[in-house]
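Engineer: Quick one: the structure is below, and I'll ask about it shortly.
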Amino acid sequence: MAIPSYVETNRKKGRAPQYFLVRKKRINGRVKRVWSLYLGTAKTIENVYNKCKNCALIELKSFEYGRTAALMKVAEELNFVDIVNKHTNKKKINGLTVGEYMLLIILSRADKPLSKNGIDEWFDESFLILIWSFPHQLNTKNFTNHMEYLTDEVMQKIGDDLGKRLVELGVVPTKLYVDMSNVFTYIENGGEMPKKGRSKEKRYDKNIIGIGIATSDENVPIFHDSYPGNEHDSKVFGEIFIKIVDRLNKINVPCKGIVAVWDKGCNSKENIGMIKYSEMNIVGALKKDQVPELYDVPLEKYDYLYTNKKKYAVKGYRTKKVVFGQEFTIVLSYNEGSYKRQSETYEKRKAELSKELEKIKQSVERDGRGKKKSIKNALIAASNAVRNYESAFKYDCYVKDNKPLFEYSVDADGEKELRATFGKNPIFTDKHEWDSEKIVKTYTQKDFVEKDFMWLKNTILIPIKPIYLRDDDHIKVHIFLCVTGLIFYRYLMWKLKKQDEPLSDTTVIGELEKIRVGIIKKDDEKVQLKFEEMTLNQMRLFTNLELKDALRGVNF
């Protein structure tokens, strides 16, 4: 039988008493010590007790703070919540306003690609729970109900007012980089928005949704639009451009003198004429077959323009030519780095294409059982396979002696012609007074908007995908909120750039994510807020962005 533990005292002359926790047990009728633990002197026990008492009474919980607080600060500067509420007609009742609901969607999406139902759990784990309180639950129904307040007309008005606010703060575009892209979805039976088309992400098996964005030379988007995935870029460009001009008029930015920059996929005589009519200027790229003679000009006749960030020389051959019914200055640029990259890509793709064409041949000429490719399907498959390399690969499919045949080969002259285009890009403009270097650099800066699309497709930042909605109107609102989140990020980076912040965009976001705040409660003392220890970079961002302001509403 075990005897309950008790404390024994060991007293030695001239020394403080020592205490042991002892457990004894009766074995064969005799009591024996079976376990003991040295506790120390009375002073030692007192110190340990005090430390444990203090630890036991501390309550601690920490939250991600930096990124969410920074986006909230931007939303406040842009008057986002007030602008949304101004253009929506929700009755004044207890709970969140439409603007606050939309801001919650943006903030949660910037943290992770959540469904509307998942925002409730995210909210409970964010520091927002310290400053926002409301009587109802955050669920899918509440979010989708409030998204319905944002009609096409309302979103246009919100975009106009955000644009006005950006101009007031100093973000005034002198150049506009316009581009079109698309995102694939897992929506199979949706409305008019998700449609099959030419996926920029090579997901031809999925329905896609088209997106057009116009970004200023300050790298802040001023306009976007979403459209069905089966519509062609050049057709949609004209419709979007009219809306861009309307946006500029609404935010009091004159079109005259603004330089519009876009990729060759949007070229057409009608689109060029529309831009000229708006009094904007043009910098764009031409297709190879529009200026084939320029590719025969030897590199010896090119002028050195500059060395880019990757230490590659950029050269240019300048001339003038009538295209789209009017005369433009054309600079055929040559980039050593692009030449190397395109050459390596072609050599790799060349081997792959030979295998793909051989599979088509075997399928067409198959004997015996098994499904054969028809002539029509073989030609379609071959055309898709050799896309962008049509001049180098020749193929044909026909019937001879009642037997279908498929032939293919690499054309030496065509391959030579293809290689002559590597690293080159024909850039045209009506800014005849500009030097060649400025023309080329202006066009290459269109990677502003290309990076915007990368951010919208990247799960680390403000991802459009996955889309947890099926209704067309809800999809439009979802994309509108994601692009608005992108505007928040870009405005944030613009502010830091003005403050000579040396960190890159992605490093800034990474550092902000590491800034955390905790709530601490000791015994009956008042709850305290404490920030975790910060690095010098984090402290600089915290100070320059005035992130402490996000906790103004905390009330314990």
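Engineer: Determine the shape class of region 85-208: with a ≥ b ≥ c the square roots of the Cα gyration tensor eigenvalues, call it rounded for a/c under 1.5, and otherwise prolate if a/b is greater than b/c, oblate otherwise.
Structural biologist: Since a/c reaches 1.5 but b/c is at least a/b, the shape of region 85-208 is classed as oblate.
Engineer: Set Lys and Arg Cβ to +1 and Asp and Glu Cβ to -1, take the dipole of region 303-383 about its Cα centre, and tell me which of 353, 313, 334 lies farthest positive.
Structural biologist: My answer, from the dipole projection, is 353.
Engineer: Is the shape of region 477-549 rounded, prolate or oblate, going by the alpha carbon gyration tensor and its root eigenvalues a ≥ b ≥ c, with a/c under 1.5 for rounded and a/b larger than b/c for prolate?
Structural biologist: oblate
Engineer: Run down the aspartates and glutamates and flag those whose C-alpha is under 12 Å from the C-alpha of residue 310, throwing out any fewer than 8 positions away in its chain.
Structural biologist: Straight-line reach from residue 310, under 12 Å: 336.
Engineer: If the cut-off is a Cα-Cα distance under 20 Å, which lysines reach residue 371, setting aside same-chain residues fewer than 8 apart in sequence?
Structural biologist: Straight-distance partners of residue 371: 355, 359, 361, 400, 403.
Engineer: Considering amide H positions built from the backbone, and no H for Pro or chain starts, which residues 5 or more places from residue 260, or on another chain, come under 5 Å of its amide H?
Structural biologist: Counting only residues 5 or more places away or on other chains, the set is 176, 281, 282, 283.
Engineer: A further question on this structure: Could you tell me the largest-minus-smallest coordinate of the C-alpha atoms of the chain on each of the three principal axes, in descending order and whole angstroms?
Structural biologist: Here the Cα extents, ordered largest to smallest, are 111, 68, 51 Å.
Engineer: Angle, helix 447-457 long axis vs. longest principal axis of the chain, Cα atoms, 0 to 90°, nearest 10?
Structural biologist: 50
Engineer: Would you kindly derive the ³J(HN,Hα) couplings of region 96-103 from the backbone phi angles with the Karplus curve 6.51 cos²θ - 1.76 cosθ + 1.60 (θ = phi - 60°), listing them in order in whole Hz, with x for Gly and Pro?
Structural biologist: Listing the rounded values in order: 6, 7, 4, x, 5, 4, 5, 5 Hz.
Engineer: Helix 66-77 sits at what angle to the longest principal axis of the chain, using alpha carbons and giving 0 to 90 degrees rounded to 10?
Structural biologist: For helix 66-77, the angle is close to 60 degrees.
Engineer: Which of 90/457; 196/476; 309/476; 157/202; 86/175; 73/514 have a Cα-Cα distance over 27 Å?
Structural biologist: Check vs 27 Å cut-off fails for 90/457; 309/476; 157/202; 86/175.
Engineer: In region 196-282, what percent of the accessible surface is made up of carbon and sulfur (1.4 Å probe, ligands and nucleic acids excluded)?
Structural biologist: 50
Engineer: What shape does region 222-279 take by its C-alpha gyration tensor, where a ≥ b ≥ c are the square roots of the eigenvalues and a/c under 1.5 counts as rounded, a/b above b/c as prolate, and the rest as oblate?
Structural biologist: Since a/c reaches 1.5 but b/c is at least a/b, the shape of region 222-279 is classed as oblate.
The values are calculated or read from the model by the stated rules, or taken from the named source; none is laboratory data. The shown structure was predicted, so the numbers you read here are calculated from the model rather than taken from an experiment. A quick note on method: Cβ atoms are made from the backbone with ideal geometry, for glycine too, and the neighbour counts reach across all protein chains shown. Heads up: the accessible areas ignore ligands, DNA and RNA and are worked out on the full protein's heavy atoms, side chains in. Shrake-Rupley method; radii C 1.70, N 1.55, O 1.52, S 1.80 Å.
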